[in-house]
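Derivation of every value follows stated rules applied to the coordinates shown; laboratory data play no part. Since the model is a prediction, treat every value here as computed from it, not as a measurement. FYI the Cβ positions are ideal-geometry reconstructions off the backbone, even for glycines, and counts take in every protein chain you see.
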Amino acid sequence: MEYFSEGTGLLVWILALILIACGIYFGMRYSKMRDYSGQAIIPLIMIVLSLVLWVKTLGFPTEDAGPALIPLLWIFWLILLSVVILFFCFTGRIDKDPKRGRIFFLGLGVGLVVVYYFAMDYLGYFISSFLFLATAMYMLSYRKPFTILLVGTGWVLFSYLIFYKLLYIQLPLGLIEDFI
C-alpha cells in the first residue's frame, strides 16, 4: 500500500478516488436522489481528501504515539462523519438542496482556508488559527465579539496544551517562536 503514498502511485490513487466520487455524485444527480446531490458533494470531497491523506501517513514513522497518530484520528472522524452525512443524503433524512446558492461566499471560504494554510508558516499555528476562527465565525454571521474571542482563545489554549505540551507535536510557531 505504500506504493500509493508517493509519486505515480499517489496520482493513480487520487484519480481513482476522484472518479469514484464523481461516479457517486453523478449517479445521485441523475437519479431520484438529485434533490440531495448538492448535500453529498462536501462529504464526498472530504472522504476523497481523507483517503489521500491516509495513504500519505503510511510513509510516517510507526510509533505508538508517533507523527501519524493525530492525522489518523482526524481522518477516521472525517470519514465516519462524512459517511453518516452521505447515509442521510441517500435516505432523504436531510434537507433538500436549496434552489440557489451564493458561489461568491463559497469562494471566499475556500480563499480563507488557503490564506490560513500559508499564514501558518509566517504567523505560526496559534496566531493563524485564532485569526482563522475569528474570521470564519464573523463570515458565518456570528457577531458576538466576546464569544468569538473566547472560542478562538479556547482553541489556541487547547491546541497548545494537548498537541504541543502533552503530545509533543511540533507545530509551526512563526512569530512567537522566541517566546515559547
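A convex hull fitted around the alpha carbon atoms of segment 70-120 yields 84 Å³ per residue. For segment 1-100, relative contact order (Cα pairs under 8 Å, six or more residues apart, normalised by length) works out to 35 percent.
Local charge for M137 was computed over the other residues whose Cβ lies under 14 Å away, with Lys and Arg +1 and Asp and Glu -1, and equals +2. Projected onto its three principal axes, the C-alpha set of segment 101-180 covers 42, 26, 20 Å, listed from the longest axis down. Using the Cα coordinates of the chain, the gyration tensor eigenvalues translate into equivalent-ellipsoid semi-axes of 31, 25, 15 Å, sorted from longest to shortest. Over the residues of the chain, the helix contribution to mean residue ellipticity at 222 nm works out to -22500 deg cm²/dmol, using -39500 (n - 2.57) for each DSSP H run of at least 4.
Distance from the C-alpha centroid of segment 68-101 to that of segment 1-66: 13 Å, rounded to the whole angstrom.
For the pair L53 and I176, label points projected 7 Å from Cα toward Cβ lie 2.2 nm apart. Helix 103-123: angle to the longest alpha-carbon principal axis of the chain, degrees 0 to 90, nearest 10? The two axes meet at around 30 degrees. Of the Cα atoms belonging to segment 1-56, the radius of gyration and Dmax stand at 13.0, 39 Å. Per the Debye formula on identical point scatterers at the alpha carbon atoms of segment 1-100, with no solvent, log10 I(q)/I(0) at q = 0.12, 0.18, 0.21 Å⁻¹ is -0.47, -0.86, -1.02.
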